[in-house]
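Read the structure below first, then the notes.
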Amino acid sequence: MERGQLTASSNALTVSNLSVSYGRVAAVHDVSFKVAEGECVALVGPNGNGKSSIVMGIAGLVQRRGRVEIFGRVARAGDVAFMPRHGFTLVPERRQLYPQLSVADNVVLGCFSRTRSLRRAVTSAAHRQALELFPELADRMGQKAGTLSGGEQQMVAIARGLAADPRILAVDEPCLGLAEAVSRRVYEALARIHEAGRTLLIVEESPVRALQLATRQVEVRNGVVVRA
Amino acid sequence: MKLGNLIISGIVTGSIYASFAACVALWYRVSNILNLAVGDFAMIGALGVDNLVSVHHWRVAPAIVVILAAVALSAYLYDRIVLRLAQDGRTRQEGIVVTFFFTFALSFFIEGIAEVLYGTNVHAAPALWNGHSLSLGGGLHVDRAGVLIVAFAAVVGLATSVAMRRTMQGKAIQACGENFFGARIVGIDNRRYRRLLFIASALLACVFGILESPITGYTYNSGAAISLTGFIAAAYAGFQRPGKAVVAGLGIGVLEALLGGYVSANYADTILYAILAAAVLARPSAMGLDVVPE
Amino acid sequence: MAAVTTTATRPGRRLAADRGPLLSTAFVLIAGLIIAGGAADSYLGSVVILALTYAIVTAGMAVQIGFSQQVVFSQSVFMGLGAYGVAVLNANEGWPSLLALVAITVASAGVAWVIGKAVSRASGLALAVATLMFPLIAFGYVSYANWLGGSIGMPLTGNLWPGGSSSTANGILTVVIVAVVVFATTRLVASDVGLEMYVLGVNEKTAQAMGVRTARRRLELFILGSVLATLGGAVYAGTQLFVPPTLVQATAELSLLIMLFVGGRRSVLGAVLGAVGIQYFTGISNTISVHILLIEGVLITVVLLIEPEGVAGIVSRLWRLAAARTPAIARLVGADPAMVPPPILDGDAGVGVSGELAAASEPETTAFRRHFAARRADTESSSETLLRCQSVSKEFGGLRVLRDVDIELPQRGIFGLCGPNGAGKSTLLNVVGGSLAPTSGAVALAGQDITALPAAERFGLGVSRTFQAVHLIRGRTVLDNVAVACLRSRGSSLLRGIVASRLSEARADAIEALEYLGLDDLAHHEVSSLTLETQRMVELARAMASRPTLLLLDEPASGLSTPQRGRLKDVMRSIGEVTCVLLVEHDLDLIAAIAERIYVLESGALVFTGTGEEFRSSGTVSSLLIEASPTTTSGGEQ
């Protein structure tokens, strides 16, 4: 199959035989699963079993083997812009913001895969919606992202992900290091994102939390899917 | 009157330092590597054009074009071969050694090539704007080359600072320096930016070398001192803000001219470096230099 | 858990470790004497003698720049100090060169101390940038200084060896000096002070938290590197009989760095071989010396790309390969076959703990266990206060992160600290640990006011901590990582490290701490080959190894799975029986289950203090941390 070519598959995301390894250490072996449009799938399992490596492999941020299909297109390996451009955005573990840039700049950079015009990015519907989801960020827009609390940073990271206008939003450990109250706020936002019709792929260590929202779970142990 | 003329010549050299400081700071933001070869690209510009014009009897315009093209190609190849191997492999090399030594090596290499090609004599590219120095009234004078330099520096400086603040690409460049992984998340190909900015800063340096060499003259090893001063100016801005680096560069240029005019012509540079070292040591944390990039 | 071995290092390993410096020195001495003694009058001999003068300098650089990662660019300046110093004393004052060499080397220690005082204020990039100016300043001065011969240079009248013009005597003297330098520096690197310097190079914060006086060590390193550079310069003057100003140029500095990098920046022997190799090839081939810039540029790039540790790195890789195949070689060179080279990991895989905790009630077979058993007995009925924070406040640029916090902790037990993100938990921990000074208020430990003490000195008083992110020293074994906390060298000088290293005692202590947490089987593994859980356990072992009275733990459970948290809980419980633990944690169930008292911070102020039961039922807590609905416990351990 030619890369980038359309296939007949109707799945939003199809992962086939995905493997990720770091040097000699394999983190993910031959993982396959599918996500249909509109689903909310939780990727669960204890920490250190390869869940993050799976989503990073899908996003093309680490070297991978195997095939990733997004809305019928086979993803090109080694092109970091491919997945965001085709509707898959990752909100990574530990947020990975740009600490010295303002909150506004952090969010607007989420639009990078869609447009190179700052004006068009700021006025786009996705950018507006992303900010509307977190009214608490409104008076923080000029502040450096690094000075925010962990919870606010997580909101900025999710807003940045949404600014790309993804059809599938992958969120890696959204509550890591957050207090309970903030975790609830984060999940509330995720629920609204899902209600708005976006497909969600959530990586969670705690199945209790993930199941509040997830329609299905994929369980990962030792780099292998044990239950899909 | 003497003071005025010294300040003018200081502003001219300062513009060069300022521009190189901006180049160093900008590229450091993207790559976390200090470009200590930037002055050597300036030297190659000056010596290369001079060689084509005075030895091979080319006309000035095609000589400049050819040299710029050659520099761009070399910068491209350096990125594709050396930086790619160093940074894009499975193990990304990091730390203070990488920050300094790859470009030190490049600087050595360029100087070695220049020594072979152009010998050890002083050369200068032909002046682009011929004639006596311009009088500003009141006994103040400025070299025509100096006018060109300041004008070019102002245009480049303004364009960069607007681009950094007002464009998506500029913000993407800043994001690359802030968080390597975070930039890739939103689809920013930081390798491409690293390459483009490396080539752009080599070309800018090259143009400055061609413009400035009629004033001071260059030898194969003139580049290191220029890179270093630009690098110090960039350090004053903590490699963070190209705008602040420009101010620091101008200040260093004026200080150097004043030291040369009033204190000692022989020891002007020596005193300047001593002042710079003392300034770094006085408040190391103020420059954001006390932290090794992670 | 098996019976405990009290001898930390197997005798064979210890012997081999001690043999390293001797082997290196013997090698330098024999090879040098053969060449310099046998062929000193030939051209080759003179090239080698010149090369050896540079080797003295690069040996010091290997310790300072490579091993301890203090990048400075001032070596050529001190080389100039040595060379010009000897030249002036010899040519102008009529001193014999050898006497001048001794005088100037001793004097250089004083000069380096003065400059070092200013320079070691800075570290990292700032240190490099500031010292980068030194060769430029020195060259600018020297080339116009008529009393030093200006741009021409300065001749000497007498050889290093006083007995006339014998090159052989000169050569032998040079070789002996190099051998002594190699012996001293290799011993230093392998000593307890060497381990301190290594940690300092990897992460200054960790070093401070482990009690390393970082400013002092940086100063000592600067003096060491500078004195050796001066010595090298002095030998240069005494053997070459002429001092050119180019010796102090920036280019000369970079050439020295290239010798270091090509040879292997962390290895003394590599640095010596790098200097000799490059000087040798420059000396014998005209093509090379004419194109030296070009060749050095390519060389350093290739070395950095292929093997950042240089030739020494390639050789040690081969040794390790050979040692893995043939134990005889391993015994000979003292290579540690169990030291696994680090694969790149994200915590998803790796070597893990057995999960068994050696129960604290086991027979008191080690000094470590006896210490804590005694402490437990001592503090059984004591109601004495260990830590007292009195109205501690901290402001960052007008923002109040801590407001009048009062905390009192007894001699033992586990005490929890929770609060929403940004409430000031980590700040409080840093104030107690000493890495931040409070804006107002006082911190006292066992009645002693420690508010003004830096982290390194609090460590000496029994305050030990872990970090939110794992701060282990990559490239060293588990044993050495823990041994850092047991070093006895803290107050002693760098020279003491050369003369009498007590690293094996520190390692013996470390083994006991590892055994206590059931980690002793992993002692010889490289730390980055471990799983996240094990890395956290090793950090815990390191924090315990110094036998602390107060243990500060910053989110030890973050990133761990539920069963892993269960194991961690057991470990912490047994630690809490012998020492006082202040625990910052987001996992409310974990904290409620093990802490006997819990403090809740909000916006920098203490809003709740109470037991685990009160904590669970408190309205303040739930509105703040759980938001008014019944608990959503995950795992539900009580």
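The values are calculated or read from the model by the stated rules, or taken from the named source; none is laboratory data. The shown structure was predicted, so the numbers you read here are calculated from the model rather than taken from an experiment. Ideal geometry is used to build each Cβ from the backbone, glycine not excepted, and the neighbour counts take in all protein chains shown. With ligands, DNA and RNA removed, areas are computed over all heavy atoms of the protein, side chains included. Shrake-Rupley method; radii C 1.70, N 1.55, O 1.52, S 1.80 Å.
Quick notes
- For C:Thr609 and C:Gln468, a Förster radius of 30 Å and the Cβ-Cβ distance give a FRET efficiency of 0.80, rounded to the nearest 0.05.
- Estimated inter-spin distance, B:Val147 and C:Leu99, nm [label 7 Å along Cα→Cβ]: 6.7
- Of the solvent-accessible surface of region A:13-227, computed with a 1.4 Å probe and all protein chains present, 47% belongs to carbon and sulfur.
- Efficiency of FRET from Cβ geometry, C:Val290 and B:Ile275, R₀ 41 Å, rounded to 0.05: 0.65
- Other protein chain Cβ atoms within 10 Å, averaged over every residue that makes up A:202-212: 2
- B versus A: buried accessible surface, summed, Å² (probe 1.4 Å, to nearest 100): 2300
- Rg and Dmax over the alpha-carbon atoms of chain A stand at 16.8, 50 Å.
- Karplus-derived 3J(HN,Hα) values for region C:421-430, using 6.51 cos²θ - 1.76 cosθ + 1.60 with θ = phi - 60°, are 4, x, 7, x, 5, 5, 4, 4, 4, 5 Hz; glycine and proline are entered as x.
- Summary of the geometry: region B:196-247 and region C:186-263, compared by the centres of their Cα atoms, lie 30 Å apart.
- Buried surface for the C/B pair, taken as the accessible area of each chain alone minus that of the pair with a 1.4 Å probe, is close to 3700 Å² in total.
- About the centre of its Cα atoms, chain B shows a dipole size close to 940 debye [charges on the beta carbon of Lys, Arg (+1) and Asp, Glu (-1) only; nearest 20 debye].
- Other protein chain Cβ atoms within 10 Å, averaged over every residue that makes up C:304-310: 4
- Computed over protein heavy atoms with a 1.4 Å probe, the accessible surface of the protein assembly as shown works out to 38 Å² per residue.
- Heavy-atom surface analysis with a 1.4 Å probe gives chain B a carbon and sulfur content of 64 percent of its accessible area.
- Over the Cα atoms of the protein assembly as shown, the radius of gyration divided by the Kirkwood radius equals 0.98; this is the Rg/Rh ratio.
- Interface A-C: total buried accessible area of about 1900 Å², 1.4 Å probe, protein heavy atoms only.
- Inter-chain Cβ neighbour count for C:286-298, averaged per residue, equals 4 (cutoff 10 Å, partner chain atoms only).
- Spin-label pair B:Ala69/B:Leu196, simplified geometry with 7 Å Cα→Cβ offset, distance in nm: 2.3
- Protein accessible area in chain C, 1.4 Å probe - carbon and sulfur %: 60
- Protein-protein interface of region A:37-57, residues with accessible area decrease of at least 50 Å², isolated chain reference, 1.4 Å probe: A:Asn47, A:Gly48
- Using only side-chain charges placed at the Cβ, +1 for Lys and Arg and -1 for Asp and Glu, the dipole size of the protein assembly as shown relative to its Cα centre rounds to 1540 debye.
- For the protein assembly as shown, with +1 on Lys and Arg beta carbons and -1 on Asp and Glu, the positive-most of A:Ala191, B:Cys23, C:Ala55 along the dipole: B:Cys23
- The calculated 222 nm mean residue ellipticity attributable to helices in the protein assembly as shown amounts to -16500 deg cm²/dmol, summing -39500 (n - 2.57) over DSSP H runs of n ≥ 4 and dividing by all residues.
- Treating r as the C-beta distance of A:Asp79 and A:Thr215 and R0 as 25 Å, the FRET efficiency rounds to 0.25.
- Radius of gyration (Cα atoms) of region B:159-214, expressed as a multiple of 2.2 N^0.38 Å: 1.36.
- Potential extension, C:Ala322-C:Ser42 segment - 0.36 nm per residue separation minus Cα distance: 97.0 nm
- Debye equation applied to the C-alpha atoms of region C:367-626, log10 I(q)/I(0) at 0.15 Å⁻¹: -1.13
- Quarter of Cα convex hull surface for chain B, i.e. mean projection, nm²: 15.9
- Amide H contacts for C:Arg465 (H built 1.01 Å from N in the peptide plane; partners 5 or more residues away or on another chain; cut-off under 5 Å): C:Leu552.
- Taking Lys and Arg as +1 and Asp and Glu as -1, the other residues whose beta-carbon sits under 14 Å from that of B:Leu6 total -1.
- The alpha carbons of chain C occupy a box of 90, 59, 44 Å along the principal axes, longest dimension given first.
- Per-residue Karplus couplings for region A:139-146, computed as 6.51 cos²θ - 1.76 cosθ + 1.60 with θ equal to phi - 60°, are listed in order as 8, 10, 4, x, 6, 5, 4, x Hz, Gly and Pro entered as x.
- If the chain linking C:Glu596 and C:Asp521 were pulled fully straight, counting 0.36 nm for each residue of separation and taking away their Cα-Cα distance, it would gain 23.7 nm.
- Cα→Cβ-extended label distance, 7 Å offset, between C:Ala118 and C:Val106, nm: 2.6
- For A:Val31, solvent-accessible area (1.4 Å; no DNA, RNA or ligand), Å²: 0
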